[in-house]
Amino acid sequence: MQLRLARWHDAEQTFRNDLTINPRSAWALRGMSRALLGLGKKAEAAKIEHDMATAWPLADPQLRRVR
């Protein structure tokens, strides 16, 4: 919801918190990337997108279909 409302700072914090609990969560990485792009943090978003690309193959197959 925070991403839809363009609440980039709030979304970044939410996804950072989630990633401390679930560091390889492809969904959290995806959300973090979108939040960082919304904040104009392109270099940091690019690193997260790289991490996300390696996390998706490890994700639950049921969840991968949804993305």
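None of the figures in this text is laboratory data; all of them are computed from the coordinates on show. All values reported here derive from a predicted model rather than from experimental measurement.
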Cα axis of helix 42-55 to longest principal axis of the chain: angle in degrees, 0 to 90, nearest 10?
20 degrees
For Leu39, enumerate residues with amide H under 5 Å from its amide H, sequence gap 5+ or separate chain, H modeled in the peptide plane.
none
Semi-axes of the equivalent ellipsoid of the chain: what are they in whole Å, largest first, if each equals the square root of 5 times a C-alpha gyration tensor eigenvalue?
19, 13, 11
Just to confirm the number: angle between the C-alpha axis of helix 26-38 and the first principal axis of the chain, 0 to 90 degrees, nearest 10?
20 degrees
